[in-house]
Amino acid sequence: MPGTRNPHSRRRAALAATALLGAAALAAAGLATGSAQAAPNTAAGTAAPAAAATHRVLFDNTKAETAGNADWIISTSQPDPLGQNGSPAKETDWTGALSSWGVALQKAGGYSLATLPSGRTITYGSSSNAQDLSNFDTFVLPEPNVKLTAAEKTAVMNFVKNGGGLFLISDHNNSDRNNDGCDSPCVISDLLSNNGVDNTDPFGFTVDKLDISTDNPRAVADASDPVLHGPFGTVTGSILRDGTTFTLNPSDNSAVKGLLYRTGYSGNTGAFFATSTFGSGRVAIWGDSSPADDGTGQSGNTLYDGWNDPAGTDAALALNATAWLSGSGGTTTTPPTTPPTGGGTCTSRQLLANPGFESGTSSWSATSGVINNDSGEAAHSGSYKAWLDGYGTATTDTLSQSVTIPAGCSAQLSFYLHIDTAETGSTAYDTLKAQVLNSSGTVLSTLATYTNVQAASGFTQRSFDLSGYAGQTVTVKFTGTEGSKLQTSFVIDDTALTVS
């Protein structure tokens, strides 16, 4: 650590140059600078999503999702669907067999949507990609028909591990729409078993190699499940029109849970829709693309309206799952359907003291100079923020606060993070760890590790579920570690630990 800190003044010139270069590069890539959250670019002449949209959802179109009769896109305007219609009132205002899904989220408010266009690459931690997974809360892979590359599989797994939501949609066995020798069960199975991060059944489910012609799977009885009883309504069932199921392996991942089952099945076999967790993230998988199909799309495709099929409640299932995968942010807009009222006894409130650092170091333990109003880095709101590292010399900065999470409460930690760096390339030299410690100082969980590779313009909100620590006094701690050469700054602001 430098002998005289003089909060970050020695790298202001370097930061100014980095900020200008970074802003230019990101502008070229389509990212706005200085926004509350990094969001996909908006086509010229169209209305942008509401500022600081709570949930950011990316739909994939790089894995032959429109091959054959498939049309698994929310809009032909890519990456930004608002380029087709900035204020869609009906699903035909956007073109694609998943446009009902996209339009419903857009109309709900609190969602920012984008598509990763064909020909692009799935990345995580690439500042040159405006549709990098680090800029989103949920990634939807709707019936992929091309295997992900080794780097893409690693990117997806690390995205989930660090708090992202992954929505997988499979189809039946032998549904190879682009005739490359691998269909969606093959693609998803390859992701689960050969990803380079965890190849030992990371989510606790495997894809059954089946072609089930027709069925109407029913939902399990679980009044507390947030997908079955979510903000977009109650799920009673789904439709299966040439699809498959999943085998659950709770011994590999105890969080795996079947929500809908093929007729006559229960427990660990015949699950048609399942959820799980991995690291700090969440996963959902659906056994057929027909339920998400809204029957409309690009000319020449033969489509089927499963979205509105009365044999299922497929719209509620897709939308509730998207909301659950995306987690909760600081401000949410109530969707069209009023959420069910819970009967818990926990009083909803925010627990962290001085969450935006406007009272200086009050209630926080931090390395000297970390909490400041230095003009070298802007706060997300107000004047003060926590600025860890950024010296360009070997430095370790810390920031922490202890808090008691009441028993019986759900708890969500969130904070806004901005990273800028003078480093180049894809090597992680400087890190920021977000951790939960017990009263003895033992690390209970490393929620996420951020690096110089994830540097980007503006702040991005990060959220983590701390419900597992209800009834305990824990310490939320951030540790920034910088190498001995080029600077990386980790700027944190507007923290919250919300219980409900």
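The values are calculated or read from the model by the stated rules, or taken from the named source; none is laboratory data. Please read all numbers here as calculations on a predicted model, not as lab measurements. Here the Cβ positions follow ideal geometry from the backbone for every residue, glycine too, while neighbour counts run over all protein chains shown. When the accessible area is computed, the model is the full protein with side chains, heavy atoms only, and any ligands, DNA or RNA have been set aside. Shrake-Rupley method; radii C 1.70, N 1.55, O 1.52, S 1.80 Å.
Right, residue 320: over 30 Å from residue 401 (Cβ atoms) and modelled with pLDDT of 85 or more or not? Quick ask: steps written out before the conclusion?
Details: over 30 Å from residue 401 (Cβ atoms): yes; modelled with pLDDT of 85 or more: yes.
Spelling it out, residue 320 is indeed over 30 Å from residue 401 (Cβ atoms) and modelled with pLDDT of 85 or more.
I'd like the full set of residues that are surrounded by 15 or more Cβ atoms within 10 Å (Cβ to Cβ) and either outside any loop (DSSP other than H, G, I, E, B) or within 25 Å of the chain's Cα centre (by Cα) (or both), limited to region 348-369.
Correct list: 351, 352, 355, 356, 366.
With the structure loaded, tell me whether residue 7 is within 30 Å of residue 367 (Cα to Cα) and modelled with pLDDT under 95 or whether it fails that test.
The answer is yes for residue 7.
Write out, first by first residue and then by second, each pair whose Cβ atoms fall under 6 Å of each other, whose residues are 6+ apart or on separate chains, and whose first residue, in region 208-227, is open to solvent by less than 90 Å² (accessible area, probe 1.4 Å) and at pLDDT 95 or above while the second is among the charged types (D, E, K, R) and in a loop (DSSP other than H, G, I, E, B).
From region 208-227, the pairs are 215/262; 217/262.
In region 80-97, how many residues are touching a helix residue (DSSP H, G or I) at 6+ places or on another chain (Cβ under 6 Å) and assigned to a loop (DSSP other than H, G, I, E, B)?
3
In region 480-489, which residues are of a type in the set (Ser, Thr, Tyr) and open to solvent by 60 Å² or more (accessible area, probe 1.4 Å)?
Across region 480-489, the qualifying residue is only 484.
Please pick out the residue among 107, 147 that is assigned to a loop (DSSP other than H, G, I, E, B) and over 17 Å from the mean Cα position of the chain (by Cα).
Among 107, 147, only 147 is assigned to a loop (DSSP other than H, G, I, E, B) and over 17 Å from the mean Cα position of the chain (by Cα).
Being in contact with a Lys or Arg (Cβ under 7 Å, 6 or more places away or on another chain) and on the phi > 0 side of the Ramachandran plot is the filter here; which residues of region 181-214 pass it?
196
Quick one: which of 196, 243, 181 is closer than 20 Å to residue 65 by Cβ and open to solvent by 30 Å² or more (accessible area, probe 1.4 Å)?
Matching residue, one of 196, 243, 181: 181.
Can you find a residue in region 370-387 that is over 18 Å from residue 459 (Cβ atoms), open to solvent by 20 Å² or more (accessible area, probe 1.4 Å), part of a loop (DSSP other than H, G, I, E, B) and among the small types (Gly, Ala, Ser)?
The answer is no; no qualifying residue exists.
Please find, within region 96-129, the residue that is modelled with the highest pLDDT out of those that are of a type in the set (Phe, Trp, Tyr) and open to solvent by 10 Å² or more (accessible area, probe 1.4 Å).
Once the filter is applied, the top-ranked residue is 124.
Out of all the residues in region 150-172, which are closer than 28 Å to residue 240 by Cα and part of a helix (DSSP H, G or I)?
153, 156, 157, 160 - these are the residues of region 150-172 that are closer than 28 Å to residue 240 by Cα and part of a helix (DSSP H, G or I).
Tell me, which strands (runs of 3 or more DSSP E) lie completely within region 442-500 with 3 or more residues that are of a type in the set (Val, Ile, Thr), within 17 Å of residue 415 (Cα to Cα) and in contact with a strand residue (DSSP E or B) (Cβ under 9 Å, 6 or more places away or on another chain)?
Ranges flagged: 443-451, 473-482, 488-499.
Need the failing condition index for residue 299 against (1) assigned to a loop (DSSP other than H, G, I, E, B); (2) closer than 26 Å to residue 99 by Cβ; (3) within 26 Å of the chain's Cα centre (by Cα); (4) not aliphatic (A, V, I, L, M), just the number.
Going through (1) assigned to a loop (DSSP other than H, G, I, E, B); (2) closer than 26 Å to residue 99 by Cβ; (3) within 26 Å of the chain's Cα centre (by Cα); (4) not aliphatic (A, V, I, L, M) one by one, residue 299 breaks only (3).
What residue, among those in region 450-479 that are hydrophobic (A, V, I, L, M, F, W, C) and either surrounded by fewer than 20 Cβ atoms within 10 Å (Cβ to Cβ) or farther than 22 Å from residue 405 by Cα (or both), is modelled with the lowest pLDDT?
Taking region 450-479 first, the residues hydrophobic (A, V, I, L, M, F, W, C) are 453, 455-456, 459, 464, 466, 470, 474, 476, 478.
The next check asks that each one be either surrounded by fewer than 20 Cβ atoms within 10 Å (Cβ to Cβ) or farther than 22 Å from residue 405 by Cα (or both); those that pass are 453, 455-456, 459, 470.
Details: 453: 94, 455: 94, 456: 94, 459: 95, 470: 88.
Only one residue tops the list, namely 470.
Looking only at region 438-449, which residues are open to solvent by 40 Å² or more (accessible area, probe 1.4 Å) and closer than 20 Å to residue 55 by Cα?
none
Scan region 407-419 and tell me whether some residue there is of a type in the set (Val, Ile, Thr) and at pLDDT below 95.
The answer is no; no qualifying residue exists.
For region 68-79, state whether one or more residues are in a loop (DSSP other than H, G, I, E, B), modelled with pLDDT of 95 or more, over 21 Å from residue 152 (Cβ atoms) and open to solvent by 10 Å² or more (accessible area, probe 1.4 Å).
yes
Considering only region 391-411, state which residues are under 25 Å from the mean Cα position of the chain (by Cα) and open to solvent by less than 30 Å² (accessible area, probe 1.4 Å).
399, 400, 405, 409, 411
Does residue 427 satisfy being surrounded by fewer than 19 Cβ atoms within 10 Å (Cβ to Cβ), within 14 Å of residue 162 (Cβ to Cβ), in contact (Cβ under 8 Å) with a residue 12 or more places away in the chain and among the polar types (S, T, N, Q)? Can you show your working first?
Working: surrounded by fewer than 19 Cβ atoms within 10 Å (Cβ to Cβ): yes; within 14 Å of residue 162 (Cβ to Cβ): no; in contact (Cβ under 8 Å) with a residue 12 or more places away in the chain: yes; among the polar types (S, T, N, Q): yes.
In short, no.
Which of the residues spanning region 130-170 are open to solvent by 10 Å² or more (accessible area, probe 1.4 Å), under 13 Å from residue 62 (Cβ atoms) and touching a Lys or Arg at 6+ places or on another chain (Cβ under 6 Å)?
Correct list: 146 only.
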